[in-house]
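A.B. asks: Below is one structure. I have some questions about it.
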Amino acid sequence: MGRPSNSEERRGQIVDGLLEVMARQGYAQATIAAIGKAAGLTPGLLHYHFETKQDILVALVERLTGALALRVQRRLEAAGDAPRARLHAFLDAYVAMGEDADPRAVAAWVVVGAEAVREPQVRALYTQAVGETLRQLRELLGECLRDEGRGTRQVGRMAAGLLSAIEGAYRVSAAAPGVLPEGFAAPTLRRMADGMLDAEERT
């Protein structure tokens, strides 16, 4: 793989700057001047690479979803072939602590969700991202149910429940730091998933 161009590096710095400011102060406070300061670049350079602040936000959403997809892929590859192990690995990729966890990304994703309510372009990207998460959850849950000879009628509701729990954990941890016990999310989500799977009758 070749070295990124100077333009790509600058765009990456700018996206990093927005991530830093959003994680600490939110999107409204992420002015071009504040982003430039965090990125170590002048406002003029920001405008050269991005026409608007929303364009930087769109690039950040793409960065966050790409990084998460890579994290999911790595954890699934390490989980092996057992369906429940793969489901647990998927959930861990979203909420577990570890070297590849990034609290700034979680805080920024919460802000992205809020902006999706107001901005159609951000909403489209957010909807696509959570839709893909829901699709993968359905697939992994379905694999577990079929492997254990259980019915799959409730798989959509189960996936929706887990997705809602993930997004809810993000919001509370970002909006009220310290309220939730540290490291609670991954084991709790695994137990939730196992409980829903075990509740389905064998066919």
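The values are calculated or read from the model by the stated rules, or taken from the named source; none is laboratory data. Small disclaimer: the values here were computed from a predicted structure and weren't measured. So basically every Cβ, Gly included, is an ideal-geometry build from the backbone, and we count neighbours across all protein chains shown.
A.B. asks: Identify, from the list Val130, Val122, the residue that is assigned by TED's automatic domain parsing to the domain that holds Tyr94, modelled with pLDDT of 90 or more and within 28 Å of Arg63 (Cβ to Cβ).
C.D. replies: Val130
A.B. asks: Which of the residues belonging to segment 68-87 are among the aliphatic types (A, V, I, L, M) and either part of a loop (DSSP other than H, G, I, E, B) or surrounded by fewer than 13 Cβ atoms within 10 Å (Cβ to Cβ) (or both)?
C.D. replies: Leu70, Ala78, Ala82
A.B. asks: Moving to a separate point now. Filter segment 88-104 down to the residues that are surrounded by fewer than 19 Cβ atoms within 10 Å (Cβ to Cβ) and of a type in the set (A, V, I, L, M) and list them by number.
C.D. replies: Met97, Ala101
A.B. asks: Now a separate question. From Ala169, Ala199, Ala160, which residue is touching a residue at least 12 places away in the same chain (Cβ under 8 Å), surrounded by fewer than 16 Cβ atoms within 10 Å (Cβ to Cβ) and not hydroxyl-bearing (Ser, Thr, Tyr)?
C.D. replies: Just one listed residue meets the conditions, Ala160.
A.B. asks: Pull out all pairs, ordered by first then second residue, where Cβ-Cβ is under 6 Å, the residues are six or more apart or on different chains, the first lies in segment 135-155 and is without any contact (Cβ under 8 Å) to a residue 24 or more places away in the chain, and the second is β-branched (Val, Ile, Thr).
C.D. replies: Arg138/Val155; Gly142/Thr152; Gly142/Val155
A.B. asks: Continuing with this model, one more query. If we only count helices (runs of 4 or more DSSP H) wholly inside segment 88-186, which ones have 1 or more residues that are polar (S, T, N, Q) and farther than 26 Å from Arg202 by Cα?
C.D. replies: Hits in segment 88-186: 120-147, 155-175.
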